[in-house]
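The values are calculated or read from the model by the stated rules, or taken from the named source; none is laboratory data. Predicted model, so just to flag it, every value in this text is computed and none were measured. A quick note on method: Cβ atoms are made from the backbone with ideal geometry, for glycine too, and the neighbour counts reach across all protein chains shown. Just so you know, the surface numbers come from the protein's heavy atoms only, side chains and all, with ligands and any DNA or RNA stripped out. Shrake-Rupley method; radii C 1.70, N 1.55, O 1.52, S 1.80 Å.
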Amino acid sequence: VALQFNVSLPVELVYFSATKKEDEVELTWQTASETNNEGFEVEHSTDGRDWDYLGFVDGHGNSTEAHDYSFQHQSPSSGINYYRLRQVDFDGQWEYSKVCSVEFDSPSVQIKVFPNPAVHYATLSLPNFSSEALVQVIAPDGRIMKQMNIREGEQQVRLDVQTWPAGVYFIQLRLDG
């Protein structure tokens, strides 16, 4: 007695990769075929053990054609970022992809100053920090013109610059933790 079984893989994943693009991580993957594929949960970890859900990308259900997918992680952590896909079927079954990683040396911080040049007042527009920060405005000769502790979540700081000599000033930012 010969038994024959036809077993089809739910999703044939061709590749899965993570690429650093400026301050983001672009995740891309391709499937060669899909059976009963509801989609992909994108997961992130900073230690390779504890995983967080980032988002969901819809699959193509049943398909014998190749499909390209992508997902942008807009706020990766400093250090190594690990990514994996959790492919989910319509019947609730699931399977993990391989793990990809990207390393970020430090987060990019953008501080805006306006108006520029400033005559009476200048406004510093700061990103939303997850910890306290120390901001110093430093003159070209090294004098600290202003020093401020910025609370978590504070977005704008107004500076009185009326008594400051005209010139170029440097902004130094130190994040706690």
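Which of the following residues is in contact with a Leu (Cβ under 7 Å, 6 or more places away or on another chain) and among the β-branched types (Val, Ile, Thr): Val119, Val113?
Step by step, each of Val119, Val113 is checked, and only Val113 is in contact with a Leu (Cβ under 7 Å, 6 or more places away or on another chain) and among the β-branched types (Val, Ile, Thr).
Condition first: aromatic (Phe, Trp, Tyr), part of a strand (DSSP E or B) and either farther than 30 Å from Gly79 by Cα or open to solvent by 60 Å² or more (accessible area, probe 1.4 Å) (or both). Can you find one or more residues in region 159-169 that meet it?
No, region 159-169 contains no residue that is aromatic (Phe, Trp, Tyr), part of a strand (DSSP E or B) and either farther than 30 Å from Gly79 by Cα or open to solvent by 60 Å² or more (accessible area, probe 1.4 Å) (or both).
Condition first: surrounded by 11 or more Cβ atoms within 10 Å (Cβ to Cβ), at pLDDT 85 or above, out of contact with any His (no Cβ under 8 Å at 6 or more places or on another chain) and over 24 Å from Pro10 (Cα atoms). Can you find one or more residues in region 84-100 that meet it?
The answer is no; no qualifying residue exists.
Filter region 34-63 down to the residues that are open to solvent by 10 Å² or more (accessible area, probe 1.4 Å), part of a strand (DSSP E or B) and either among the aliphatic types (A, V, I, L, M) or closer than 14 Å to Trp94 by Cβ (or both) and list them by number.
The answer is Thr35, Asn36, Glu38, Glu41, Glu43, Tyr53, Leu54, Phe56, Val57, Gly59.
Where the second residue is exposed (fewer than 13 other Cβ atoms within 10 Å of the Cβ) and among the small types (Gly, Ala, Ser) and the first is closer than 21 Å to His73 by Cα and modelled with pLDDT under 95 and lies in region 1-30, which pairs have Cβ atoms under 6 Å and are six or more apart or on separate chains?
Once the first residue is closer than 21 Å to His73 by Cα and modelled with pLDDT under 95 and sits in region 1-30, its partners that are exposed (fewer than 13 other Cβ atoms within 10 Å of the Cβ) and among the small types (Gly, Ala, Ser) give Asp23/Ser108.
Identify all residues within region 101-119 that are hydrophobic (A, V, I, L, M, F, W, C), out of contact with any strand residue (DSSP E or B) (no Cβ under 6 Å at 6 or more places or on another chain) and either within 14 Å of Lys20 (Cβ to Cβ) or surrounded by 17 or more Cβ atoms within 10 Å (Cβ to Cβ) (or both); write none if there are none.
If the condition is that a residue be hydrophobic (A, V, I, L, M, F, W, C), out of contact with any strand residue (DSSP E or B) (no Cβ under 6 Å at 6 or more places or on another chain) and either within 14 Å of Lys20 (Cβ to Cβ) or surrounded by 17 or more Cβ atoms within 10 Å (Cβ to Cβ) (or both), then Phe104, Ala118 are the ones that fit.
Output the qualifying pairs, or none if there are none: Cβ atoms under 7 angstrom, residues six or more apart or on different chains, first residue in region 141-167 and over 17 Å from Pro117 (Cα atoms), second residue open to solvent by less than 80 Å² (accessible area, probe 1.4 Å) and of a type in the set (Ser, Thr, Tyr).
What qualifies is Glu152/Ser131; Gln155/Ser125; Gln156/Thr123; Gln156/Ser125.
Which residues, counting only those in region 20-33, are under 14 Å from Asn81 (Cβ atoms) and open to solvent by less than 60 Å² (accessible area, probe 1.4 Å)?
Correct list: Val25, Glu26, Leu27.
Within region 136-153, identify whether any single residue is open to solvent by 70 Å² or more (accessible area, probe 1.4 Å) and either closer than 25 Å to Val42 by Cβ or among the hydroxyl-bearing types (Ser, Thr, Tyr) (or both), and answer yes or no.
no
I need a count of the residues in region 120-133 that are open to solvent by less than 80 Å² (accessible area, probe 1.4 Å) and at pLDDT below 85.
Going through region 120-133 one residue at a time, the tally reaches 5.
Filter region 139-151 for residues that are modelled with pLDDT under 85 and within 10 Å of Tyr169 (Cα to Cα) and give the result.
Answer for region 139-151, where residues must be modelled with pLDDT under 85 and within 10 Å of Tyr169 (Cα to Cα): Ala139, Pro140, Asp141, Gly142.
Of everything in region 72-93, what is in contact with a Pro (Cβ under 8 Å, 6 or more places away or on another chain) and either over 13 Å from Asp105 (Cα atoms) or of a type in the set (Val, Ile, Thr) (or both)? Give them in sequence order.
Gln87, Asp89, Gln93
Taking only region 158-177 into account, find how many residues are touching a Ser or Thr at 6+ places or on another chain (Cβ under 8 Å) and modelled with pLDDT of 85 or more.
Qualifying residue count, region 158-177: 2.
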